[in-house]
Amino acid sequence: MFYKLQQNKFIQWTIIHIRYLVALAFVPSGFTKMVGERFTQLPTTSTIGQFFEVLYLSGIYYNFLGVMQIITAILLMTQRFALIGTFLFLAITANIWMITISMHFKGTWIITSLMMLAGLILLYWDKNRISELNSDYDSPKKMYSPKVSRIWVNAGIIYISSLLIICFVGSKNDMLSKTIYVIALFILVATTLYSNFVFWKKSN
């Protein structure tokens with residue numbers, strides 16, 4: 001039953017794009033931390049503001065969080081290494097989720113809860129691959145989900161490259177940076193349209 005479900009083209013498309021979406025959520029915040037910029041400008045008079053200020057002042061740890069978020073996004077975007085990315089995503093998101101709940105972030109806990117749900121869906125999708133890690137060598141071979149099409153692997157590489165470029169030049173105001181920003185954004189949109197067009201055309 002589950003194997004037949006994995007053969008459904010629409011469900012395959014949905015899983016692939018859930019990976020893209022959760023990776024996208026990590027890129028801007030991860031890049032900001034990685035380069036050592038403040039993630040938020042909340043006043044330190046509030047508990048949440050104090051928390052983010054202490055996190056920012058942690059230095060290398062703050063950068064480390066950003067690097068791990070970017071690595072996770074890259075793994076998810078590439079599709080081939082998405083299972084490793086899913087493990088990392090859940091580990092990081094679980095911490096963020098508990099922070100938003102314990103510190104009473106208004107509304108944000110709903111977003112992080114949805115992110116946790118998305119991570120669990122991705123984990124369930126690869127449940128046969130995970131169970132294989134704990135099985136004997138002579139056990140029957142599990143039936144895995146179909147291999148990801150090359151079109152999505154290439155799209156993922158273009159997505160992550162374009163997003164990192166957009167993050168890098170987004171805060172700059174010179175003409176060159178603005179031009180690069182527009183080109184990267186155009187490539188991002190064009191890749192989305194082209195990859196989806198090719199996928200659904202082949203599916204018909």
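The values are calculated or read from the model by the stated rules, or taken from the named source; none is laboratory data. All values derive from a computational prediction rather than experimental measurement. Positions of Cβ are generated from backbone atoms using ideal geometry, with glycine treated the same way; all protein chains shown enter the neighbour counts. Heavy atoms of the whole protein, side chains included, go into the accessibility calculation; ligands, DNA and RNA do not. Shrake-Rupley method; radii C 1.70, N 1.55, O 1.52, S 1.80 Å.
Quick notes
Residue-wise test of (1) within 27 Å of LYS201 (Cα to Cα); (2) part of a loop (DSSP other than H, G, I, E, B); (3) among the β-branched types (Val, Ile, Thr).
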site: TYR20; (1), (2), (3): yes, no, no
site: PHE31; (1), (2), (3): no, no, no
site: GLY36; (1), (2), (3): no, yes, no
site: GLY49; (1), (2), (3): no, no, no
site: VAL54; (1), (2), (3): no, no, yes
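- Cross-chain or 6+ apart pairs with Cβ under 9 Å, region 179-204 first and more than 17 Å from ILE157 (Cβ to Cβ) and open to solvent by 90 Å² or more (accessible area, probe 1.4 Å), then in a helix (DSSP H, G or I) and hydrophobic (A, V, I, L, M, F, W, C): LYS202/ILE151
- Within this structure, LEU24 passes the test of being open to solvent by 70 Å² or more (accessible area, probe 1.4 Å) and assigned to a helix (DSSP H, G or I).
- LEU75 crowded, with 20+ Cβ neighbours inside 10 Å and part of a helix (DSSP H, G or I): yes
- Among (1) more than 24 Å from ILE166 (Cβ to Cβ); (2) part of a helix (DSSP H, G or I); (3) among the β-branched types (Val, Ile, Thr), the one test that ILE70 misses: (1)
- Residues satisfying the stated conditions in region 105-126, i.e. surrounded by fewer than 18 Cβ atoms within 10 Å (Cβ to Cβ) and either aromatic (Phe, Trp, Tyr) or without any contact (Cβ under 8 Å) to a residue 12 or more places away in the chain (or both): PHE105, LYS106, GLY107, THR108, ILE110, ILE111, LEU114, LEU117, TYR124
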